[in-house]
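The values are calculated or read from the model by the stated rules, or taken from the named source; none is laboratory data. Keep in mind that this is a model prediction, so the values were computed, not measured. Cβ placement follows ideal geometry from the backbone for every residue including glycine, while neighbour counts extend to all protein chains displayed. For accessibility, only protein heavy atoms count, side chains too; no ligands or nucleic acids. Shrake-Rupley method; radii C 1.70, N 1.55, O 1.52, S 1.80 Å.
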Amino acid sequence: MIELDKDLDEYQLAAIKAKENNIYLNANAGAGKTKVVINKIKDLLNNGVNEQDIVVITFTRAAAQEMRSRLKNINNLFIGTIHSYAYYLLIKNNFDCSSLIENKEFDELINKVIEHPQYKERIDYLLLDEAQDSSLLHFNFILSYLRPRHCFFCGDLNQSIFSFNGSKPEILEDLISNG
């Protein structure tokens, strides 16, 4: 049994224990969204979900490393950026990504995975931290292509910092509004 953090408040605990298939947690900066994601992972594992059935998407490599460090001894689940997940799927299938990486065509990694549907893996649980910073391509990749059985999105609609990369909180708002 993996122990949950002891300092979780009732709202954080409610989000962690929620069983709905698709959950969006909107919270302000400093409210502990990443802590909720980390404890959601622990709770899923405590409830019999296999590590390899969980994919955690963050928006920076530093955030991914921070999550990994806070999840000591949990090594078989994917934690990284959406581009690194696409890269992971491609290299796992011996696809040569060197020119895409060299030319910094990171969104093209996603497109290449979509072009090769045989590379897709089953995802039971996809947790998306900082969901407000996702672009339409990211949401389409996650929801229309990867199609995880359960989605847990955390974010703050008032705190988008990746608009230069196509992120629009309005996309997330539309997803929430339209179920």
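Taking only the C-alpha atoms of the chain, the Rg (one decimal) and the largest Cα-Cα distance, Dmax (whole number), read 15.8, 48 Å. Of all the options Ala64, Ala29, Ala131, the one that moves most in a Gaussian network model of the chain with Cα springs shorter than 10 angstrom is Ala29. According to the square roots a ≥ b ≥ c of the eigenvalues of the Cα gyration tensor, what is the shape class of region 50-100, taking rounded for a/c under 1.5, prolate for a/b larger than b/c otherwise, and oblate for the remainder? Oblate, because a/c is 1.5 or more while a/b does not exceed b/c.
Computed over protein heavy atoms with a 1.4 Å probe, the accessible surface of region 67-154 works out to 49 Å² per residue.
Helical content of the chain, expressed as a calculated mean residue ellipticity at 222 nm, amounts to -11000 deg cm²/dmol (DSSP H runs of 4 or more residues, -39,500 (n - 2.57) each, divided by residue number, nearest 500).
What FRET efficiency comes out for the pair Ser98/Asp124, r = Cβ-Cβ distance, R0 = 30 Å, nearest 0.05? Write out the running numbers ahead of the final one.
Values: r = 31 Å, r/R0 = 1.05.
Efficiency, rounded to the nearest 0.05: 0.45.
Available extension along the chain between Glu115 and Lys17 is 31.7 nm, counting 0.36 nm per residue and deducting the alpha carbon span. In plain terms, the chain from Arg149 to Glu10 could stretch by 47.4 nm, reckoned as 0.36 nm per residue minus the Cα-Cα distance.
Take the residue pairs Lys19/Lys120; Lys6/Lys40; Lys33/Lys72; Lys40/Lys72; Lys6/Lys72; Lys35/Lys104 and return only those whose Cα atoms are more than 22 Å apart.
Result: Lys19/Lys120; Lys35/Lys104 exceed 22 Å.
Counting heavy atoms of the protein chains alone, Leu71 has an accessible area of about 0 Å² for a 1.4 Å probe.
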